[in-house]
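Before I ask anything, let me first share the structure, which is written out below as structure tokens.
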Amino acid sequence: MSDITLNKLEEYVDICVVGAGHAGCEAALACARLGFNTVVFTVSVDSIALMPCNPNIGGSSKGHLVRELDALGGEMGKNIDKTFIQSKMLNVSKGPAVHSLRAQADKSDYTRSMRYTMENQDNLTIKQAEICKLIVEDNVVKGLMTGTGTTYYCKAVVLCTGTYLKARCLCGESITHTGPGGLSAANSLSEALREIGIKLRRFKTGTPARMDKRSIDFSKMEPQYGDERIVPFSFSTDPDSVQKEQVCCYLTYTNEKTHEIIRGNLDRSPIYAGIIEGTGPRYCPSIEDKVVRFADKERHQVFIEPEGLYTNEMYIGGMSSSLPEDVQLKMYRTVPGLENCKIVRNAYAIEYDCLEPNQLKASLEFKEINGLFSAGQFNGSSGYEEAAAQGLIAGINASMYLKGKEPLVLDRSEAYIGVLIDDLVTKDNREPYRMMTSRAEYRLLLRQDNADLRLRKFGHEVGLVSDDDYNKTLLKEEMIAKEVERLKSSPVGASKETQEFLRKHESSELRTASTLAELLCRPELSYDDLKEIDSDRETLPNDVIEQVCITIRYEGYIERQLSQVKAFKKMEKRLIPDEIDYDQVSSLRLEARQKLKQFKPVSVGQASRISGVTPADVSVLLVYIDAYNKSKGKIDE
Amino acid sequence: MINDTIAAIATALNDSGIGIIRISGDDSIKIADKIFVNKEKEHVLLSFLSHTIHYGFIVDNDEIIDEVMISIMKAPNSFTKENVVEINCHGGVLICKKVLEIVLKNGARLSEPGEFTKRAFLNGRIDLSEAEAVMDLISSKSNSSLKNSLKILSGKLYNKIKSIRESLLYEIAFIESALDDPEHFSLEGYGDNLADKINGINSQLDSLIESFSRGKFVKEGISTVIVGKPNVGKSSLLNLLTRQEKAIVTDIAGTTRDVIETSVVFHDILLNLVDTAGIRETDDVVENIGVSRAKKFAMDADLILFMLDSSKELSDDDKEIISLIQDKQVIVLLNKSDLGSVLSKETILPYFGNQIEVIPFSALSGDGEEILGNLINNMFFSGNISADDELMITKERQANELSFAKNSLSLVIDSINNCLPEDFFSIDLLNAYQALGRIIGEEVDDDVVDEIFSKFCMGK
């Protein structure tokens, strides 16, 4: 790059978003919608909201993220509702907390639709350019510079560079220095970030091959259909509008022969040959990883999913790989139905630079650089949904920063998004982070069905949710409360009519008087069934009935979690003063002191989640902070 | 959390006979009221004024446990600035412990190391200048608590808890894998399967809890079996033990004719010597029945005294006995040590996986008898019934966690029986897992996620 800046363009805007993937889109839309003049930069306008890996949105716990994002006023849920081609609620046989929506997307339609939304958003400009440098003065971000030398002065920057920083793709011995799908990598920004003191590391992920539909024999596979009644992702989408014809996916399996080929060629895998240095995710292992690590498994599932309605490309889920092309073809062709397959795009692994996210606050702003935010895969996460959720929060908080308002920080008891971000910024993650339901300790409260009840108010408060939408939520809340109250206070006597009703539904007869709520707790009786003995009740919307049933049926468990949340919140509210010097707290164990210095938690609660900090350390910290505040004349809480 | 109610034994536990249980927190008076009655058997504590002391009884479901003096200090005029109740027990160490148990059962929580002082500080009772000392106290107390915890756990116990944790973790991870990746893992019929496993674990926990309840050993005695080949000196040992006796309590005819139980007090410890008649017989009648005796009683005994003739090499019979008593609490007595020995601690150790107490002994001269007394004391009363109160409290804490784990697992069984969906199982499984982790001083962190990835092949 030349140092001569004469005759170069200079632009003045409010907020710059670097990258237009799932994080970048949400961030840019949020900023623009909140009234800020926003520019979003992408290396290729054609790759806005690209889905370079799996062709679906949602899935266990990821579906929760999308619902939450939607409740807060994000775009992903609305966009997938417009462009899905199959939809399924997962885990319906399990508890309501783990029901999770997943939709197959028409990839190009998804991209096109999001691009359309972006292009038509007021206050938002899309700019195709690579960003090479950030301008930071006195720890405050002032702007950035494109590869062609234009300077954009702004008040906040959101980095959403995904997997593009110094990306290289590996397919056996063949290595190309590109981003996903052959798009050009961003090669200068890494160094520029290091220069301003940002610590980066290297992660790895991978994707399986895409095949020509015509070369696949689906008769040898098990068809996988979508749900009969489709539930939309967005709380604003009319459920009737999404009932449509769906495509079919297919299931097949690897076998011993597949595994033999893989084992025989492991030396040609860049991971096992030691060429890949990045840390790969354990939850989405390449097929060679699966074969090595789960050697006793005779077969692995392979899901064949369409990439869209107007393409013959099929995604081969479960068989990502970085083996060389010839081995890939041999290995895929051992799978029933793929004997004559033709590969359109090879599977590959991708390595990229990303952030050590303990440099971030929970608002996703950098601790050391004011006005600089980051989101998405750059923060060390994985997945479209994780990226989008962070993008939305970073966008909102960049806006709050400009408005001089408090950032929106959701805690672990409020949202999966809170869990995601808290885990990212307080835990020492050694691999790309994927959302999982087991990571949420209060998951009975964080259901996908109540995301609106949990989060609409925050979305409304920041200004992304309209009064109309918010009022709908309030109305729903009121209807739920009223109906729960009514059922609890409606007595049911042991009348002849009741006993007969119970007998009919194979439910034990009443010995003493009961209530409608108590009857609803019986697994064999549904809300619908109860209409027989509750004939003059009002007809309520389905989503209200759902909430009523969950509230009554799981009351005991929900109460237990609520009391845990109370204790949790107490520790979250114990704030640690910014200027604390852990070296002064001599009673802390050395390991705890080091970890606390490294992570700089904002609250005692956050400190307690850092690995290496014991309950005794937490007690010591409480005492120290108390003494500190008292000596400074501050009153705690 | 601050404001919940905590309790602990506040005095050193020793033979003085008086011990103080201190309770602090919002509910301390309410809790004490549930378990305290006056002479007229009335619950009257709530009506008492602050800073008064009263005579009465601690009861556990109507059963009188101890005669006590109880004092009440209402917030904020107490050490912690919270409601504080102190119970002065008179019945000695075990009663003191029992009272604490009852307090905990009625809603208090066992205090963390240094927690009373911490509260006193946080509530402004202790001067700022003492903050440093408070922090040091907390960290040193928790350090010693953890050390004690590990000290108390024998290798076997530690490994047992570890292995229970491992199996719980596996089940949690399996459920979670199936929730995260329903298309790869099915939970069909899993509930019944899990119920079986939990029942197995619960009975293991039961026996662990039992091993923690030393009260039983003091009150009811330690059932002890002497095993060994004929002529190694079992009857001499028996004579030694009974000569030592302060009182022979009873001679009970057991369920079978030849089981005779003799209770002796040996070094202040009540030993129930099982099959003493048998021992007398076999030493007279030279007959190779040592093995069958061991087999029969080793199963039920709390303690096995295994006698070996140290002047002779281990015989096949000895080795067979060893194999039978592997999992029991065993003390090996190398008898006839005055005759010059071929056997030594080093030769015995490998047969017991290097974890066994071996002492040189002479049943005739009584050499080693002192050591034996101390050893039994160590094994069953973690050192000394009366001396080390910190150890005692630690052990109490461990027993508490074990019961908590067991209760959590019972809740899982309830959930299974009530046909609740599988994701409800893992909530209580995790609680049990965490409780057991606290016993062996292990943090949870990302265990579940790590286990999911290492044991189950997740898709995509």
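Sort through A:G463, A:G391, A:G376, A:G383 and tell me the only one that's among the small types (G, A, S) and either closer than 25 Å to A:Q547 by Cα or over 18 Å from the mean Cα position of the chain (by Cα) (or both). Step through it out loud before you land on a result.
Values: A:G391 fails: either closer than 25 Å to A:Q547 by Cα or over 18 Å from the mean Cα position of the chain (by Cα) (or both); A:G376 fails: either closer than 25 Å to A:Q547 by Cα or over 18 Å from the mean Cα position of the chain (by Cα) (or both); A:G383 fails: either closer than 25 Å to A:Q547 by Cα or over 18 Å from the mean Cα position of the chain (by Cα) (or both).
Step by step, each of A:G463, A:G391, A:G376, A:G383 is checked, and only A:G463 is among the small types (G, A, S) and either closer than 25 Å to A:Q547 by Cα or over 18 Å from the mean Cα position of the chain (by Cα) (or both).
Let me ask something additional. Quick one: is B:N193 free of Cβ contacts under 8 Å to residues at least 24 places away in the same chain and closer than 22 Å to A:K297 by Cα? Explain how you work it out, then say what you get.
Numbers: free of Cβ contacts under 8 Å to residues at least 24 places away in the same chain: yes; closer than 22 Å to A:K297 by Cα: yes.
Considered against the rule, which asks whether it is free of Cβ contacts under 8 Å to residues at least 24 places away in the same chain and closer than 22 Å to A:K297 by Cα, B:N193 comes out as yes.
So, of the residues in region B:403-443 that are part of a helix (DSSP H, G or I) and among the β-branched types (V, I, T), which turns out to be nearest to the other protein chains (Cβ to nearest Cβ)? Give the steps one after another, and end with the answer.
Of the residues in region B:403-443, the ones part of a helix (DSSP H, G or I) are B:403-417, B:423-439.
Still in the list and also among the β-branched types (V, I, T): B:412-413, B:416, B:427, B:439.
On the way: B:V412: 13, B:I413: 16, B:I416: 13, B:I427: 7, B:I439: 14 Å.
Only one residue tops the list, namely B:I427.
State yes or no: is A:T258 over 22 Å from A:Q224 (Cα atoms) and buried (at least 23 other Cβ atoms within 10 Å of the Cβ)? Steps first, please.
Numbers: over 22 Å from A:Q224 (Cα atoms): yes; buried (at least 23 other Cβ atoms within 10 Å of the Cβ): yes.
Answer is yes for this residue.
Same structure again: List pairs: first residue in region A:430-450 and closer than 16 Å to A:K62 by Cα and away from chain B (no Cβ under 11 Å), second residue outside any loop (DSSP other than H, G, I, E, B) and acidic (D, E) anywhere in the structure, Cβ distance under 6 angstrom, at least six positions apart or on different chains.
A:D449/A:E546
For residues in region B:164-213 being among the polar types (S, T, N, Q), more than 30 Å from A:G58 (Cα to Cα) and assigned to a helix (DSSP H, G or I), which is farthest from the other protein chains (Cβ to nearest Cβ)?
As a first pass, look at region B:164-213 and keep what is among the polar types (S, T, N, Q): B:167, B:177, B:186, B:193, B:199, B:202-204, B:207, B:211, B:213.
If we keep only those that are more than 30 Å from A:G58 (Cα to Cα) as well, we get B:167, B:193, B:199, B:202-204, B:207, B:211, B:213.
Right, trim to assigned to a helix (DSSP H, G or I) and you get B:167, B:193, B:199, B:202-204, B:207, B:211.
Values: B:S167: 17, B:N193: 16, B:N199: 23, B:N202: 21, B:S203: 26, B:Q204: 25, B:S207: 28, B:S211: 26 Å.
Among residues in region B:164-213 that are among the polar types (S, T, N, Q), more than 30 Å from A:G58 (Cα to Cα) and assigned to a helix (DSSP H, G or I), the one farthest from the other protein chains (Cβ to nearest Cβ) is B:S207.
Out of (1) among the acidic types (D, E); (2) closer than 30 Å to B:S207 by Cα; (3) at pLDDT below 80; (4) out of contact with any Gly (no Cβ under 8 Å at 6 or more places or on another chain), what's the single condition that is false for B:D338?
Here B:D338 clears every test but (2).
Being of a type in the set (D, E) and over 19 Å from B:V412 (Cα atoms) is the filter here; which residues of region A:533-569 pass it? Spell out the reasoning first.
Applying the first criterion (of a type in the set (D, E)) to region A:533-569 yields A:534, A:536, A:538, A:543, A:546, A:555, A:559.
Across region A:533-569, the qualifying residues are A:D534, A:D536, A:E538, A:D543, A:E546.
Anything in region B:27-69 that is in contact (Cβ under 8 Å) with a residue 60 or more places away in the chain and among the aliphatic types (A, V, I, L, M)? List them, or say none.
If the condition is that a residue be in contact (Cβ under 8 Å) with a residue 60 or more places away in the chain and among the aliphatic types (A, V, I, L, M), then B:I31, B:A32, B:I35 are the ones that fit.
Criterion first (away from chain B (no Cβ under 11 Å) and farther than 19 Å from B:N123 by Cβ) does A:I610 satisfy it? Give the derivation first.
Numbers: away from chain B (no Cβ under 11 Å): no; farther than 19 Å from B:N123 by Cβ: yes.
Taking the combined requirement at face value, the residue does not satisfy it.
Quick one: which of B:V93, B:V134, B:V99 is modelled with pLDDT of 85 or more and hydrophobic (A, V, I, L, M, F, W, C)? Step through it out loud before you land on a result.
On the way: B:V93 fails: modelled with pLDDT of 85 or more; B:V134 fails: modelled with pLDDT of 85 or more.
The conditions single out B:V99.
Next question. Only one of A:Y225, A:Y153 is assigned by TED's automatic domain parsing to the domain that holds A:N91, among the aromatic types (F, W, Y), surrounded by fewer than 23 Cβ atoms within 10 Å (Cβ to Cβ) and touching a residue at least 60 places away in the same chain (Cβ under 8 Å). Can you tell me which? Don't jump to the end; show me each part of the working.
Working: A:Y225 fails: assigned by TED's automatic domain parsing to the domain that holds A:N91.
Every option except A:Y153 fails the conditions.
A further question on this structure: Determine which member of the set A:E497, A:E478 is without any contact (Cβ under 8 Å) to a residue 12 or more places away in the chain and more than 17 Å from the chain's Cα centre (by Cα). Reasoning before the result, please.
Values: A:E497 fails: without any contact (Cβ under 8 Å) to a residue 12 or more places away in the chain.
Just one listed residue meets the conditions, A:E478.
If you don't mind, another one. Take region B:79-90 and flag every residue that is assigned to a loop (DSSP other than H, G, I, E, B) and either at pLDDT below 90 or within 14 Å of chain A (Cβ to nearest Cβ) (or both). Give the steps one after another, and end with the answer.
Going residue by residue through region B:79-90, those that are assigned to a loop (DSSP other than H, G, I, E, B) are B:79-83, B:90.
Across region B:79-90, the qualifying residues are B:F79, B:T80, B:K81, B:H90.
Assuming A:G74 fulfils every condition listed in (1) within 18 Å of the chain's Cα centre (by Cα); (2) closer than 25 Å to B:L420 by Cα; (3) of a type in the set (G, A, S) apart from one, which condition is it?
(2)
On to the next question. I'm checking my understanding of the structure. Among residues of region A:489-515 that are assigned to a helix (DSSP H, G or I) and either polar (S, T, N, Q) or in contact with a Pro (Cβ under 8 Å, 6 or more places away or on another chain) (or both), which one is surrounded by the fewest Cβ atoms within 10 Å (Cβ to Cβ)? If you could, list the steps in order and put the result at the bottom.
The initial filter retains those residues of region A:489-515 that are assigned to a helix (DSSP H, G or I), namely A:489, A:496-504.
After this cut, where a residue has to be either polar (S, T, N, Q) or in contact with a Pro (Cβ under 8 Å, 6 or more places away or on another chain) (or both) as well, the list is A:489, A:498-499.
On the way: A:S489: 10, A:T498: 18, A:Q499: 15.
The extreme case among them is A:S489.
In region A:37-46, what residues are in contact with a Ser or Thr (Cβ under 6 Å, 6 or more places away or on another chain) and at pLDDT 95 or above? Can you show your working first?
The initial filter retains those residues of region A:37-46 that are in contact with a Ser or Thr (Cβ under 6 Å, 6 or more places away or on another chain), namely A:39, A:43.
Hit for region A:37-46 is A:V39, nothing else.
If the requirement is being more than 27 Å from B:S207 (Cβ to Cβ), out of contact with any His (no Cβ under 7 Å at 6 or more places or on another chain) and in contact (Cβ under 8 Å) with a residue 60 or more places away in the chain, which of these qualifies: B:L308, B:L343? Give the derivation first.
On the way: B:L343 fails: in contact (Cβ under 8 Å) with a residue 60 or more places away in the chain.
Answer to the selection: B:L308.
Every residue in region A:108-139 that is charged (D, E, K, R) and either part of a strand (DSSP E or B) or under 25 Å from A:R33 (Cα atoms) (or both), please.
So the first thing to find is which residues in region A:108-139 are charged (D, E, K, R), and the list is A:109, A:112, A:115, A:119, A:122, A:127, A:130, A:133, A:137-138.
Of everything in region A:108-139, those that are charged (D, E, K, R) and either part of a strand (DSSP E or B) or under 25 Å from A:R33 (Cα atoms) (or both) turn out to be A:D109, A:R112, A:R115, A:E119, A:D122, A:K127, A:E130, A:K133, A:E137.
Right, something else. If the Cβ limit is 9 Å and pairs must be 6+ apart or interchain, which residue in region A:550-577 that is closer than 14 Å to A:D411 by Cα pairs with which residue that is of a type in the set (K, R)?
Final answer for the pair search is A:V565/A:R412; A:F568/A:R412; A:E572/A:R412.
Name the residues in region B:63-78 that are more than 17 Å from B:K30 (Cα to Cα) and part of a loop (DSSP other than H, G, I, E, B), would you?
B:N77 - this is the single residue of region B:63-78 that is more than 17 Å from B:K30 (Cα to Cα) and part of a loop (DSSP other than H, G, I, E, B).
State whether the residues of region B:130-143 include one that is away from every other protein chain (no Cβ under 13 Å), outside any strand (DSSP E or B) and not charged (D, E, K, R).
Narrowing region B:130-143 to residues away from every other protein chain (no Cβ under 13 Å): none.
Scanning region B:130-143 turns up no residue that is away from every other protein chain (no Cβ under 13 Å), outside any strand (DSSP E or B) and not charged (D, E, K, R).
Restrict the check to region A:332-348 and report whether at least one residue is within 14 Å of chain B (Cβ to nearest Cβ) and at pLDDT below 95. Can you show your working first?
Keep residues of region A:332-348 that are within 14 Å of chain B (Cβ to nearest Cβ), which gives A:347.
Subset that is at pLDDT below 95: A:347.
Among the residues of region A:332-348, at least one is within 14 Å of chain B (Cβ to nearest Cβ) and at pLDDT below 95, which makes the answer yes.
Tell me, which residue of region A:275-317 that is part of a loop (DSSP other than H, G, I, E, B), more than 10 Å from every other protein chain (Cβ to nearest Cβ) and free of Cβ contacts under 8 Å to residues at least 60 places away in the same chain is surrounded by the fewest Cβ atoms within 10 Å (Cβ to Cβ)?
Once the filter is applied, the top-ranked residue is A:D296.
Under 25 Å from A:D428 (Cβ atoms) and assigned by TED's automatic domain parsing to the domain that holds A:I396: is that true of A:L159 in this structure?
So A:L159 passes the test.
What is the one condition in (1) within 11 Å of chain B (Cβ to nearest Cβ); (2) more than 24 Å from B:F116 (Cα to Cα); (3) not in a helix (DSSP H, G or I) that A:Y557 does not satisfy?
Against the list (1) within 11 Å of chain B (Cβ to nearest Cβ); (2) more than 24 Å from B:F116 (Cα to Cα); (3) not in a helix (DSSP H, G or I), A:Y557 comes up short only on (3).
Do we have A:V43 as β-branched (V, I, T) and either free of Cβ contacts under 8 Å to residues at least 12 places away in the same chain or within 14 Å of chain B (Cβ to nearest Cβ) (or both) here?
Values: β-branched (V, I, T): yes; either free of Cβ contacts under 8 Å to residues at least 12 places away in the same chain or within 14 Å of chain B (Cβ to nearest Cβ) (or both): no.
So A:V43 fails the test.
If you don't mind, another one. So which of A:A71, A:A49, A:A27 ends up being in contact (Cβ under 8 Å) with a residue 24 or more places away in the chain, touching a strand residue (DSSP E or B) at 6+ places or on another chain (Cβ under 6 Å) and away from chain B (no Cβ under 14 Å)? I'd like the intermediate steps shown before the answer.
Numbers: A:A71 fails: touching a strand residue (DSSP E or B) at 6+ places or on another chain (Cβ under 6 Å); A:A49 fails: touching a strand residue (DSSP E or B) at 6+ places or on another chain (Cβ under 6 Å).
Matching residue, one of A:A71, A:A49, A:A27: A:A27.
Please find, within region A:8-38, the residue that is nearest to the chain's Cα centre (by Cα) out of those that are surrounded by fewer than 23 Cβ atoms within 10 Å (Cβ to Cβ) and aliphatic (A, V, I, L, M). Quick ask: steps written out before the conclusion?
First pass over region A:8-38, keeping only residues surrounded by fewer than 23 Cβ atoms within 10 Å (Cβ to Cβ): A:8-14, A:33-37.
Imposing the further condition that a residue be aliphatic (A, V, I, L, M) reduces the set to A:9, A:13, A:34.
On the way: A:L9: 37, A:V13: 29, A:L34: 22 Å.
Across region A:8-38, the extreme among qualifying residues is A:L34.
The values are calculated or read from the model by the stated rules, or taken from the named source; none is laboratory data. Just so you know, these numbers come straight off a predicted model, no measurement behind them. Cβ atoms come from the backbone with ideal geometry, glycine included; neighbour counts cover every protein chain shown.
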